[in-house]
1. Restricting to segment 60-108, count the residues that are open to solvent by less than 30 Å² (accessible area, probe 1.4 Å) and acidic (Asp, Glu).
2. Would you confirm whether or not segment 28-36 contains a residue that is modelled with pLDDT of 90 or more and open to solvent by less than 80 Å² (accessible area, probe 1.4 Å)?
3. Does any residue in segment 14-36 that is β-branched (Val, Ile, Thr) come within less than 7 Å, Cβ to Cβ, of a residue that is assigned to a loop (DSSP other than H, G, I, E, B) six or more places away or on a different chain, and which pairs are these?
4. Looking at segment 37-59, which of its residues are surrounded by 13 or more Cβ atoms within 10 Å (Cβ to Cβ) and under 15 Å from Pro136 (Cα atoms)?
5. State all residues of segment 53-99 that are among the acidic types (Asp, Glu) and more than 14 Å from Ala114 (Cα to Cα); if no residue qualifies, say none.
6. Out of all the residues in segment 38-52, is one or more touching a residue at least 24 places away in the same chain (Cβ under 8 Å) and more than 23 Å from Tyr122 (Cβ to Cβ)?
7. Determine whether segment 117-125 contains at least one residue that is under 30 Å from Asp25 (Cα atoms) and surrounded by 15 or more Cβ atoms within 10 Å (Cβ to Cβ).
Amino acid sequence: VAAWIHRPTTGELLTAERGSGAYVDGTRIQCVDDHRRADELCGRVETRDLDDTCRPLIERGLDRVGPLAPGLGSAALEYPRIIGGTLPFVFSWQTNSWDPAPGTLIVEEAGGRARRLDGSPYRVASATNPGLLVTPGPASWATVHAALLGDFGLF
């Protein structure tokens, strides 16, 4: 329903309420969903927790996206970069509720897209359903999803 991410190193406070938009320090924010090719998108892919079925598919798909960005160790740090336009996507297999829950709401309220690999919305109650792809919008989500998984028919 509502989310907050406080960034103590910058002093910024990101907030969102479902249906009311997303804000940084009270100023409304909006994602920019550009239309670059997959090989131009240098995003973040967390591969260490992939299951045995998905690992070979994702690893083959990595050749279709740009060089991977280093991880920051927290969705609270990475998701604001998606909104700010400096990180085109984040793919995580494990989705423990404490990490993506606030960031996905903020990204979505800023116009971004946070979806399970089958295209269904992320919901905290579905934490046992693995895989989450977060992008600045529907066009980039479709591009990255197709690059990582689409041709393999798993999702």
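1. 1
2. Yes: segment 28-36 contains one or more residues that are modelled with pLDDT of 90 or more and open to solvent by less than 80 Å² (accessible area, probe 1.4 Å).
3. If the second residue must be assigned to a loop (DSSP other than H, G, I, E, B), the pairs left are Ile29/Ala110; Val32/Gly85; Val32/Pro136.
4. Ala38, Leu41, Cys42, Gly43, Arg44 - these are the residues of segment 37-59 that are surrounded by 13 or more Cβ atoms within 10 Å (Cβ to Cβ) and under 15 Å from Pro136 (Cα atoms).
5. Residues of segment 53-99 that are among the acidic types (Asp, Glu), as a first pass: 59, 63, 78, 99.
Within segment 53-99, Glu59, Asp63 meet the criteria.
6. Yes: one or more hits.
7. Yes, that holds for at least one residue.
Conditions tested, residue by residue: (1) among the acidic types (Asp, Glu); (2) part of a helix (DSSP H, G or I); (3) at pLDDT 90 or above.
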residue	(1), (2), (3)
Ala101	no, yes, no
Ile106	no, yes, yes
Gly111	no, no, yes
Asp118	yes, no, no
Asn129	no, no, no
Val134	no, no, yes
Trp141	no, yes, yes
Phe155	no, no, no
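The values are calculated or read from the model by the stated rules, or taken from the named source; none is laboratory data. Bear in mind the structure is a predicted one, so any value in this text is a computation, not a measurement. Heads up, the Cβs are rebuilt from the backbone with ideal geometry, glycines too, and the neighbour counts pull from every protein chain shown. Heads up: the accessible areas ignore ligands, DNA and RNA and are worked out on the full protein's heavy atoms, side chains in. Shrake-Rupley method; radii C 1.70, N 1.55, O 1.52, S 1.80 Å.
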